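**Student:** Just passing along the structure, written as structure tokens.
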């Protein structure tokens, strides 16, 4: 398990490919806000916390503990923010898909052999892609209830390797045309390298 500042440090390293510099406050604030939102009550009996292995919201400050997969979810959440998702949409999506993403993450660790790999590279066979759709023009879909207030995000689809990716994206494009793609194996490989190096600080943060 890792402390919050170790999770923050590792997320920064993943997103900058190891740049050695002070982490900007804006980046830390993004993580803080995601964790604050995830402390709110869960949406139902089958909903999991977005960033907590224990299926309960992560506590405050430096005493919060994160598994490697929790940090992976934080990195994925930051990717979604970078793609234009609202913070509330990120937490909503990861709460409802965490179990599926956990299975893919475990499969990545088994089949992609990220241990000992070059952290800066993946190849066409080891890449793992997640495809999702986010609907803003709700009026195009008459089956969506008008009173629905939450985000409309499709369940994720996963592709292992470039061949499966091409087949899946062509099929998806024929049905929907628009979708979002995030590559997952490189996040896992980078975290496998950076997390064990993450320094521990004792100063708490709210």
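Quick note: the coordinates plus some simple rules give every number you see, no bench work behind them. The structure presented is a predicted model; accordingly, all values stated were derived computationally and were not measured. Counting neighbours? That spans all protein chains shown, and the Cβs are built from the backbone with ideal geometry, glycine included.
**Student:** What is the fewest-to-most order of 1, 130 by other Cβ atoms lying within 10 Å of their Cβ?
**Tutor:** Sorted ascending by nearby Cβ count, the order is 1, 130.
**Student:** Order these by the 10 Å Cβ neighbour count, fewest first: 96, 176.
**Tutor:** 176, 96
**Student:** So how do 92, 179 line up by other beta-carbon neighbours within 10 Å, fewest first?
**Tutor:** Fewest-to-most ranking of 92, 179: 179, 92.
**Student:** Taking the Cβ-Cβ separation of residue 26 and residue 154 as r and a Förster radius of 41 Å, what is the calculated FRET efficiency to the nearest 0.05?
**Tutor:** 0.90
**Student:** Hey, rough spin-label estimate for residue 106 and residue 177, points 7 angstrom out along Cα→Cβ, what's it come to in nanometres?
**Tutor:** Taking the two extended label points, one gets 3.9 nm.
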